[in-house]
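Reading through the structure tokens given below for one structure.
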Amino acid sequence: MFDLSGRVALVTGAGQGVGAGIAKTLARRGAIVVVSDLYEERALAVAQEIQTAGGETVASAFDVTDPDAVRGEVHRLERSLGRIDVLVNNAGIPASGMQLRSFRDMDPSEWRRFVDLNLFGVLHCVHAALGGMCARGFGRIVTISSEAGRVGMPFGVSLYGAAKAAAVGFTRHLAMEVGPSGVTANCLSLGPMDNIPAPIADAIVGQLPLRRVGKPEDVGAAVAYLASDEAGWITGQVLPVNGGAAT
Ligand SMILES: NC(=O)c1ccc[n+]([C@@H]2O[C@H](COP(=O)([O-])OP(=O)(O)OC[C@H]3O[C@@H](n4cnc5c(N)ncnc54)[C@H](O)[C@@H]3O)[C@@H](O)[C@H]2O)c1
């Protein structure tokens, strides 16, 4: 089950953290994985790890917020690999880090970069890959959202949460439009992962039924499922991968 042999999967922001875990999981399940990141050296390092473990992979560097770069690279990959079957929109935390700030303390000039990355980055990648998926009658789009897009939090992540929620709303509409073409689109709503600052992790983990932060492999397993043939009747959904948080 959940065999991805022969599928070509593009994972954005896969040069470290959650994205690297997703890329490794998909490669272990047989996919040819494009490890993509803003930083080429990060993408190359993860691709090297996958290759060493026996997986099939290529590294690719582009900025998801740059529509021309995304379109050019996605079409180049389609030509060289034949197709993109699975798109995982994982790039989402600014390369410079999260920089927690209350909304009141933020200047309007600081808002846009969260929306550029977490909403427009998703739109650019989906738009570039969608034509080929629809033409071939198969596609799996998985967008990595956050619990910050589902519930309010007092940590200074309002614009990040707003952009994550927008990507979820977009996915619901996208799913309706492309379902008849054999393409599914779903989101994962992630809880706190193992790379967040300790004070925030401590504040959240005690409330979680499973009492721990998430690991990249937890996310990789959920993506592998949604990318598989077996998940072909699931679209427009948000799967919480959050340690069991209910509110
Ligand atoms: N870490 C968490 O606790 C957590 C919780 C909920 C959701 N998420 C989501 O999970 C995803 C991965 O988070 P992470 O913690 O692994 O982040 P991370 O910062 O560790 O890694 C993100 C990667 O994305 C790359 N990246 C950043 N901007 C990019 C751009 N414009 N174009 C291409 N690549 C870019 C970075 O270079 C980096 O390698 C994000 O969408 C994030 O919002 C994370």
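The values are calculated or read from the model by the stated rules, or taken from the named source; none is laboratory data. All values reported here derive from a predicted model rather than from experimental measurement. Neighbour counts run over all protein chains shown; Cβ positions are idealised from the backbone, glycine included.
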Does Gly30 satisfy being of a type in the set (Gly, Ala, Ser) and closer than 30 Å to Cys134 by Cβ? yes
Residue pairs, Cβ under 7 Å, 6 or more apart or interchain, first in region 30-42 and among the charged types (D, E, K, R), second at pLDDT 95 or above and near the ligand (Cβ under 10 Å from one of its atoms). List them. Asp37/Gly13; Asp37/Ala14; Asp37/Gly15; Asp37/Ala43; Asp37/Ala61; Glu40/Ala61; Arg42/Gly15; Arg42/Gln16
If I filter region 190-247 down to residues being surrounded by fewer than 17 Cβ atoms within 10 Å (Cβ to Cβ) and acidic (Asp, Glu), which single residue comes out as modelled with the lowest pLDDT? Asp202
Within region 33-92, count every residue that is in a helix (DSSP H, G or I), hydrophobic (A, V, I, L, M, F, W, C) and in contact with a strand residue (DSSP E or B) (Cβ under 8 Å, 6 or more places away or on another chain). 8
Under 6 Å by Cβ, and 6 or more places apart or on different chains, what pairs join a residue from region 196-212 that is within 16 Å of Val157 (Cα to Cα) with one that is aliphatic (A, V, I, L, M) and surrounded by 12 or more Cβ atoms within 10 Å (Cβ to Cβ)? Ala201/Val213
Residues located in region 24-48, provided they are more than 11 Å from the ligand (Cβ to nearest atom) and in contact with a helix residue (DSSP H, G or I) (Cβ under 7 Å, 6 or more places away or on another chain): Lys24, Thr25, Leu26, Ala27, Arg29, Ile32, Val33, Val34
If a residue has to be within 11 Å of the ligand (Cβ to nearest atom) and more than 14 Å from Asp66 (Cβ to Cβ) to count, how many in region 113-125 make the cut? 2
Residue match in region 151-167 (condition: in a strand (DSSP E or B), crowded, with 19+ Cβ neighbours inside 10 Å and in contact (Cβ under 8 Å) with a residue 40 or more places away in the chain): no
Of (1) touching a Ser or Thr at 6+ places or on another chain (Cβ under 6 Å); (2) under 18 Å from Asn90 (Cα atoms); (3) away from the ligand (no atom under 15 Å from the Cβ), Thr12 satisfies every one except (3)
Pairs under 9 Å by beta carbon, first residue more than 16 Å from the ligand (Cβ to nearest atom) and modelled with pLDDT of 95 or more in region 126-148, partner hydroxyl-bearing (Ser, Thr, Tyr) and outside any helix (DSSP H, G or I), six or more apart or different chains? Gly139/Thr184; Arg140/Thr184; Arg140/Ser228
Which of the following residues is among the hydroxyl-bearing types (Ser, Thr, Tyr), in contact (Cβ under 8 Å) with a residue 12 or more places away in the chain and in contact with a Cys (Cβ under 7 Å, 6 or more places away or on another chain): Thr65, Thr25, Thr57, Thr12? Thr12
Would a scan of region 168-185 turn up a residue that is in contact with a Cys (Cβ under 7 Å, 6 or more places away or on another chain), within 23 Å of Pro216 (Cα to Cα) and either of a type in the set (A, V, I, L, M) or modelled with pLDDT under 95 (or both)? yes
